[in-house]
Amino acid sequence: MSLGVEEVRRIAELARLRISAREETTFASQLSEIVDYIDQLREFDGGTASQDDTHAASDTADSDLPRPASAADGALLDQFLDNAPASLDRFLLVPQVKATPGGEE
Amino acid sequence: MQAMTAEGLAAAIRSGERNAVDAVEAAFARIDEVDASVGAFLELWRDEAAERAADIDRRRDEGLPLGPLAGVPTALKDNMSLAGHELNCGSRILAGYRAPYTAGAVERLVAAGAVPVGRVNMDEFAMGSSCENSALATTRNPWNPAMAPGGSSGGSAAAVAAAEAPLALGSDTGGSIRQPAAFCGVVGVKPTYGRVSRYGLVAFASSLDQIGPLARNVRDAALALGAIAGPDPRDSTCSEEPACDFLERIEDGIEGVKIGTIREVGTSALESDAARGFEQALQTLARCGAELVEVSVPLVEAAVATYYVLANSEASANLARFDGSRYGHRAAGARSLAEMYTGSRSEGFGPEVKRRIILGTFALSSGYYDAYYGRAARIAGALRQQFSEAFDKAELLVTPTSPSGAFKLGERVDDPLAMYLSDVFTTPTSLAGIPGISVPCGLDSRGLPLGLQILARPFADGTALRAARAFERETGFECRPEAVS
């Protein structure tokens, strides 16, 4: 199937990506070619495996192992906050959830 | 010292014949000499490496035991954490990010005595087959600077091939260790899924990602895998199976071992040189005493399409964490949280990452989920079953690593599908979770290396290494790229 510019724009929005008009056109043509290629999977889908049998690679490992909860190291928190673009005391600073005209952080 | 193997170098350092300090100094001298033309390294850790090396020499002089990789300079792919050091994953979105802790595999490597000398280039978020999707640097193939080193662990492969370090760690999701190893004429191991901890590795597609070694010969790769493999409670997918000594039986050869070729892996996908190289590789295996048989794994033909649905679906979820709030790039002037997310991601991610996130989001979106993600997941399950049946008929399977030797830089950047199709022989292994090793099998008519891929059952990594070693012994291939001689 082919993906149109509108569709690419809609999916990009879902993925929280803004792409330029030029990118929309390029992506639409490249992604259509890729999706066309992927559509060959229809011919291979014999439905022999159940949906439960889908986690192919990870099934080769042991089943997931729960680990005991442990308190976070305080030093790790400092390093975590050092990586934050903006923080105040022990909190991350981000813009308001709701847009306010001209308001920032 | 460049000519020395990791194994030989560590032995010489342990015995006091050589010093770790000199080994590390020699590695940096070599990097200073050739990396301007190779472009493998993004950052060098000179002071810390010198300190670690001095500590190893001191421990030896005090009579304390040293690990199997004592003093071996090692390059780390830019997606694995070393505490206190920057980690960019080849992306602008992680500019300035410093790892707060060390990855499980890196911890083990260092505990075995290896000395990390720096981080090396990769395709952004490990998405690519040529290293050209890196937002940070261009890496060239040491055999010919006009050629791509392969990807996504292109920096790891190029650094080892150019003898800048005897050892590197890479990560492999759909071929990202094996294909660059083949392109650069080195050995690359993608271990069994769950064999090596991914704690501290930036996630791309969590059901497929594995860390593994790249080295100039099979014994060094086996030594490194033995050092990094084993349980880690911090990665819930990491197997509890204890690590083993992969060198123990590595010289035992493959006399009488059944090795299968896969009927559906047609030579039509191969360039003529690569087809010839694979044919010769089969003859070499026969000379080693292997019994060649043919097996059937029909779904290998669906692997690339299946892989690009599953890997990108997982990537679209994994990469949702990069939104400008906790680390990395944040867009300026956002008036709302949503604007900050969208702005940061749009400015921070390069085109291939955006393309793949969009593809993955599409495959997971309402109305398309069953037709794409659901179908691909079913096929992957069936493929795994087919591999399991094939391993009842042959202990090991072999394929070419890649349809051709290295391609030119720039040749495929505008054609993502052509780039994806270069993973035709490596993605089936990833989907099945089985180990795959690329071992050099000679040069093509352009003088560029070709790789043979050896596959084994889950957790039979040692068997694949043994076959790779027998093959290597028989071919006598040496990684000596003239361009950086």
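The values are calculated or read from the model by the stated rules, or taken from the named source; none is laboratory data. If you're wondering where the values come from, they're calculated on a predicted model, not measured in any experiment. Here the Cβ is made from the backbone with ideal geometry for all residues, glycine too, and neighbour counts use every protein chain on show. Just the protein is used for accessible areas: all its heavy atoms, side chains included, with ligands, DNA and RNA removed. Shrake-Rupley method; radii C 1.70, N 1.55, O 1.52, S 1.80 Å.
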### Hits among aspartates and glutamates - C-alpha to C-alpha of residue A:98 under 13 Å, sequence gap 8 or more where chains match
B:339
### Task
Quote the relative contact order of chain B in percent (integer), defining contacts as alpha-carbon pairs under 8 Å separated by 6+ residues.
17
### Task
Would you mind estimating how fast chain B diffuses translationally, via Stokes-Einstein at 20 °C and 1.002 mPa s with the Kirkwood radius over Cα pairs, in µm²/s?
97
### Task
With a 1.4 Å probe and every protein chain kept in, tell me what percent of the accessible surface of chain B is carbon plus sulfur.
46
### For A:36-43, mean number of other protein chain Cβ atoms within 10 Å
6
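Given the peptides B:362-374, B:445-457, arrange them by the average over their residues of other C-beta atoms within 10 Å, most packed first.
Result, highest mean first: B:445-457, B:362-374.
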### Message
From the helices alone, meaning DSSP H stretches of at least four residues, give me the mean residue ellipticity at 222 nm for chain B, per-run term -39500 (n - 2.57), in deg cm²/dmol to the nearest 500.
### Response
-12000 deg cm²/dmol
#### Entry: Inter-label distance for residue B:388 and residue A:76, nm, one decimal - labels placed 7 Å from Cα along Cα-to-Cβ
3.5
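Ranked highest first by average number of other Cβ atoms within 10 Å, how do B:329-342, B:246-259, B:100-113 line up?
B:100-113, B:329-342, B:246-259
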### Query
Once label points are set 7 Å from the Cα along Cα→Cβ at both residue B:291 and residue A:37, what is their separation, rounded to one decimal in nm?
3.9
#### Entry: residue B:443-residue B:111 pseudo-label distance in nm [points 7 Å out on the Cα-to-Cβ vector]
4.2
### Task
Just check the protein assembly as shown against the gyration tensor rule for me: Cα atoms, a ≥ b ≥ c as the square roots of the eigenvalues, rounded for a/c under 1.5, and otherwise prolate or oblate depending on whether a/b exceeds b/c.
oblate
#### Entry: Proximal lysines to residue B:258, defined as alpha-carbon separation beneath 24 angstrom and excluding residues fewer than eight positions away on the same chain
B:190, B:393
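For A:83-95, what's the mean count of beta carbons from other chains sitting within 10 Å of each residue's beta carbon? Working shown, then result.
Working: counts 9, 5, 12, 3, 1, 0, 0, 0, 0, 3, 1, 10, 12.
So the per-residue partner count for this stretch is 4.
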